[in-house]
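Inspection log for the structure reproduced underneath, given as structure tokens.
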Amino acid sequence: MNRDPERSRGRGLGLGRRQFLALTGAVGVSSLAGCADRVLGSNRETIDGDALAELVAGDAPMVPKTVPVDIEASFVDEQRAAAKSKLDDVPGPFDEEQIPNGVIRERLNGEYDAARESVRAVSDAETPYERLGHATRARTSAHEVLTAWRAIESEATVADLREAQSAVRDQADAFTSRWSYVGDGPVRAAVVHAEIEREIRGVRNWLSFRERALDHASRNVLDFADLAVDVERARVDVAVASYLYDRFRESLAAERNRRERFESTRETLRDRLGRRSESLPAETDDPTSLVDREIDETVGVVALGDLLRDAQWRIEDVDGGDAPHLASAAVDAAATFTYVRAFERLRERIEGGDDVAVGTAEDVAALRSEAIDAIAAARDAEAGGLVAEATLPQFAREIQWTDDRFERSSGAVAVSSIRWDAAKYVVVAETCRAVPTASADVVAVLRGESDA
């Protein structure tokens, strides 16, 4: 239930045209305006930044994360109670007398506030799965504060960390030794086991620090806190994985081993992705080359390059890295096919004459409305079922992140500097439109209805 460690992996990309533009926008329009104008040949068209901020003033639609397991309120409350207990054991927020070092004090007060906010957010979350997520984040943030404070007070040692790391590793081994790919229907089983796999991969990631890191932790409170919270995240991931597995098994009328079905699904989807990838162009720093017509680097063209890059990256990463990843392969394939379909549809749209360009705040608002409508339509669609429900949130949440960037706009903003953010609305619209169909294709393979 913590942040997915796999999402932190980056890819080495050269500083191409798009990256340069992103950097110029990040530094500020005024500092690089002349340089950017010469490079882009811009006529310095601007958009009213205040109007941009106003258009995102309303709440962005969110698609809550779910998992097809009955999560009891008592389990959520258990995690929240653990967080509150840890917070009660520290005299936070800390003052200068308690922690003279300003860097350490700021870090721990930040985590203290984050933990308290996560505790409050539990009650407001829409689904049991999201309530659990807030509760476990509160627990891990509170643990970081508590163990750092204990280290400052000389009540926690590296030996304690080493012992905790070993104990949680034993807990993880005990769980994986009894876990198997049981289920009734293959679709629900795949979605549940994919979440369990994610938790297990999280455990392995959090516990992967080496002895050298422990040596550093003995000399620095913040290093100590980093390792302590990693161990706690692993402990939480084991608890969540075990809980989901047990609750899932309790709900089954009859247990069937679904490993063979998952293996067959993985191979079928891998072959399909391989064939689809052959029709995709290579990544490029010039996204205008992706369409068969003369066109400037509009918002739509930028979005097209983004979709291609994400599709290609996911195809290259199709094996998913370290095991376990068998059930995840199906859910991940749905996301990959979503990017591929979204790219193909947007390219057809642009080649058909729609530039998908912006020149005013109203144009940006229209793209945002298009994204909102696509999210609503995807939520209402019956196609894709549980796989679509598991896949859609990751695409829909991009709209809120883009809103957050536009919310800070003010004054006259160069069109070229907002192009990259506005493109995210196009990405949201096209991917959300593609989710139901892409997910339905994966569901058909999981059910053995389409193995070709």
Just checking, which of Asp292, Asp286, Asp317, Asp306 is charged (D, E, K, R), open to solvent by 40 Å² or more (accessible area, probe 1.4 Å) and touching a residue at least 60 places away in the same chain (Cβ under 8 Å)?
Asp286
When you check Arg397 against the structure, is it more than 17 Å from the chain's Cα centre (by Cα), touching a residue at least 40 places away in the same chain (Cβ under 8 Å) and open to solvent by 10 Å² or more (accessible area, probe 1.4 Å), yes or no?
no
Would you be able to say whether some residue in the range 224-234 is surrounded by fewer than 23 Cβ atoms within 10 Å (Cβ to Cβ), touching a helix residue (DSSP H, G or I) at 6+ places or on another chain (Cβ under 7 Å), without any contact (Cβ under 8 Å) to a residue 40 or more places away in the chain and not aliphatic (A, V, I, L, M)?
no
Can you say whether Glu389 is closer than 21 Å to Asp332 by Cβ, open to solvent by 60 Å² or more (accessible area, probe 1.4 Å) and assigned to a helix (DSSP H, G or I), as far as the supplied structure shows?
yes
Residues of the range 46-80 being part of a helix (DSSP H, G or I), of a type in the set (Gly, Ala, Ser) and either in contact (Cβ under 8 Å) with a residue 60 or more places away in the chain or surrounded by 15 or more Cβ atoms within 10 Å (Cβ to Cβ) (or both), in sequence order, are Gly49, Ala51, Ala53
Restricting attention to the range 180-219, which residues are among the acidic types (Asp, Glu), assigned to a helix (DSSP H, G or I) and open to solvent by 30 Å² or more (accessible area, probe 1.4 Å)?
Glu211, Asp215
Would you check if there is a residue in the range 350-369 being at pLDDT below 95, under 18 Å from the mean Cα position of the chain (by Cα) and either among the hydroxyl-bearing types (Ser, Thr, Tyr) or part of a helix (DSSP H, G or I) (or both)?
no
Can you tell which of Ser410, Ser417, Ser369, Ser439 is in contact (Cβ under 8 Å) with a residue 12 or more places away in the chain, polar (S, T, N, Q), out of contact with any strand residue (DSSP E or B) (no Cβ under 6 Å at 6 or more places or on another chain) and surrounded by fewer than 20 Cβ atoms within 10 Å (Cβ to Cβ)?
Ser410
Name the residues in the range 399-452 that are touching an Asp or Glu at 6+ places or on another chain (Cβ under 6 Å), assigned to a helix (DSSP H, G or I) and not aliphatic (A, V, I, L, M), would you?
Thr402, Arg405, Lys424
Quick check on the range 109-120. Is at least one of its residues open to solvent by 50 Å² or more (accessible area, probe 1.4 Å), over 19 Å from Trp206 (Cα atoms), touching a residue at least 12 places away in the same chain (Cβ under 8 Å) and touching a helix residue (DSSP H, G or I) at 6+ places or on another chain (Cβ under 6 Å)?
no
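The values are calculated or read from the model by the stated rules, or taken from the named source; none is laboratory data. The shown structure was predicted, so the numbers you read here are calculated from the model rather than taken from an experiment. Ideal geometry is used to build each Cβ from the backbone, glycine not excepted, and the neighbour counts take in all protein chains shown. Surface areas here come from the heavy atoms of the whole protein model, side chains and all, with no ligands, DNA or RNA. Shrake-Rupley method; radii C 1.70, N 1.55, O 1.52, S 1.80 Å.
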